[in-house]
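> Sending over a structure as structure tokens; questions will come in a sec.
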Amino acid sequence: MAKQISTMESIRQTQKKYCSRAITAAIFAGFFFILAGQSPLGKGLILGTVFSIVNFILMGEAIPHKIGKTKGKIFSLSLASIAVRFFLLAIPIILAIKFEQFNLFSSIVGIFMIQLVIFADHALTIISSIREKQV
């Protein structure tokens, strides 16, 4: 039980780190687009990022529920989790297609904002470690 609590705390710290960075980046970029007269781009980016964050949190919440279950139960839970998360990620795409106030391309970029933030974080870590080795 203590290991599961430790795992959940670690997951929540990771979620907080990447979600706060993603929403901050989306808000600043969205605000820039809105000021530049490209309101649909900014709104689409923020919309996609919000759904990306909800998806990331749901993924983290689903992990501990799979511990100690049978293979069949894990498979069913995983399949249901994927279906719910795909449905969730379809919402900003549908909204962007249906309403002109959201740009489709920027909504799709927003959906991948958590992944982009994680990639950027790891790339910066690698770059800084290479620089440290050179010194």
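The values are calculated or read from the model by the stated rules, or taken from the named source; none is laboratory data. Computed from a predicted structure; not experimentally measured. Here the Cβ positions follow ideal geometry from the backbone for every residue, glycine too, while neighbour counts run over all protein chains shown. Just the protein is used for accessible areas: all its heavy atoms, side chains included, with ligands, DNA and RNA removed. Shrake-Rupley method; radii C 1.70, N 1.55, O 1.52, S 1.80 Å.
> Given the options 10, 6, name the one that is out of contact with any Asp or Glu (no Cβ under 8 Å at 6 or more places or on another chain), outside any loop (DSSP other than H, G, I, E, B) and open to solvent by 70 Å² or more (accessible area, probe 1.4 Å).
6 is the lone residue from the list that is out of contact with any Asp or Glu (no Cβ under 8 Å at 6 or more places or on another chain), outside any loop (DSSP other than H, G, I, E, B) and open to solvent by 70 Å² or more (accessible area, probe 1.4 Å).
> Would you mention how many residues in segment 25-63 are open to solvent by 70 Å² or more (accessible area, probe 1.4 Å), of a type outside the set (Val, Ile, Thr) and either in contact with a Phe, Trp or Tyr (Cβ under 7 Å, 6 or more places away or on another chain) or assigned to a loop (DSSP other than H, G, I, E, B) (or both)?
So the answer is 2.
> List the pairs whose first member sits in segment 56-79 and is without any contact (Cβ under 8 Å) to a residue 12 or more places away in the chain, whose second member is in a helix (DSSP H, G or I), and whose Cβ atoms are under 6 Å apart, counting only residues at least 6 apart or on separate chains?
74/66
Quick grid of which residues meet (1) open to solvent by less than 50 Å² (accessible area, probe 1.4 Å); (2) in a helix (DSSP H, G or I); (3) acidic (Asp, Glu); (4) under 28 Å from residue 37 (Cβ atoms):
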| residue | (1), (2), (3), (4) |
| --- | --- |
| 97 | no, yes, no, yes |
| 101 | no, no, no, yes |
| 105 | no, yes, no, yes |
| 116 | no, yes, no, yes |
| 121 | yes, yes, yes, no |
| 125 | no, yes, no, no |
| 128 | no, yes, no, no |
| 132 | no, yes, yes, no |
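> Oh, and also: Among (1) farther than 29 Å from residue 6 by Cβ; (2) within 19 Å of the chain's Cα centre (by Cα); (3) among the aliphatic types (A, V, I, L, M), where does residue 88 come up short?
Of everything listed in (1) farther than 29 Å from residue 6 by Cβ; (2) within 19 Å of the chain's Cα centre (by Cα); (3) among the aliphatic types (A, V, I, L, M), residue 88 misses just condition (1).
> Residue 77: under 23 Å from residue 14 (Cα atoms), in contact with a His (Cβ under 9 Å, 6 or more places away or on another chain) and surrounded by 12 or more Cβ atoms within 10 Å (Cβ to Cβ), yes or no?
Taking the combined requirement at face value, the residue satisfies it.
> Among the numbered criteria (1) farther than 17 Å from residue 41 by Cα; (2) in a helix (DSSP H, G or I), which single criterion is violated by residue 69?
(2)
> Residue 67 - would you say it is modelled with pLDDT under 95, farther than 15 Å from residue 117 by Cβ and among the β-branched types (Val, Ile, Thr)?
It is true that residue 67 is modelled with pLDDT under 95, farther than 15 Å from residue 117 by Cβ and among the β-branched types (Val, Ile, Thr).
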